[in-house]
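For reference, the structure discussed in these notes is given below.
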Amino acid sequence: MLATNAFNSTSDTRPPLDGHQLTCDDVIAIARGTATPRIDAEAVRRMAASRAVRQRVVESGQPVYGVTTGFGDSNIRQISAAKTAQLQRNLILYHLTGSGPVATVQVARATWPSEPTVWPAAIPA
């Protein structure tokens, strides 16, 4: 669970992760460790609503690519509701592989705020 101080308040000057307001300067400050982002309460609500839709789909048994089925050529394989969380974890772990040098701390810090910033904006209210 997220700490309550991670949510927005009227006097909070931390860079927002809300899908709309994060600037390049905010990302640079986060990357350099001079700013700590805050997660917007509305973004949290929208992500929770999205998760609830996903959960209903999983419980319905309806095949949904990459959620209740495999990926690529394995898309015809149905995944049990009990294994859907592991499927998502496996997908993340699979994408952690790569080639080339390990990213610097600043590059890693600059990358992670972009995901929750983009996703809340893509989730319908």
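All of the numbers you see were taken from the coordinates with simple rules; none came from a lab. As the structure is a computational prediction, the values presented were derived from the model and not from experiment. Neighbour counts are summed over all protein chains in view; Cβ atoms, including those assigned to glycine, are modelled from backbone coordinates with ideal geometry.
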Quick calc, T34 & E59: beta-carbon distance into FRET formula, R0 30 Å, rounding 0.05, result 0.10
Let me check the size of region 37-99 from its C-alpha atoms; what are the radius of gyration and Dmax in Å? 14.1, 40
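What full-extension length gain, to one decimal in nm, is calculated for F71 and M47 as 0.36 nm per residue of separation minus the Cα-Cα distance?
6.3 nm
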Report D for region 5-80 in µm² per second (integer): Stokes-Einstein, Kirkwood Rh on Cα pairs, 10 °C, 1.306 mPa s. 105
For L17, what residues show an amide H to amide H distance below 5 Å, using hydrogens built from the backbone and excluding near sequence neighbours? R38, I39, D40
Could you run the Karplus curve 6.51 cos²θ - 1.76 cosθ + 1.60 with θ = phi - 60° over region 20-29 and give me ³J(HN,Hα) per residue in whole Hz, x for Gly and Pro? 9, 9, 5, 9, 4, 4, 4, 4, 4, 5
Expressed in nm to one decimal, what extension gain is obtained for the pair Q88 and D25 from 0.36 nm per residue of sequence separation less their Cα-Cα distance? 19.5 nm
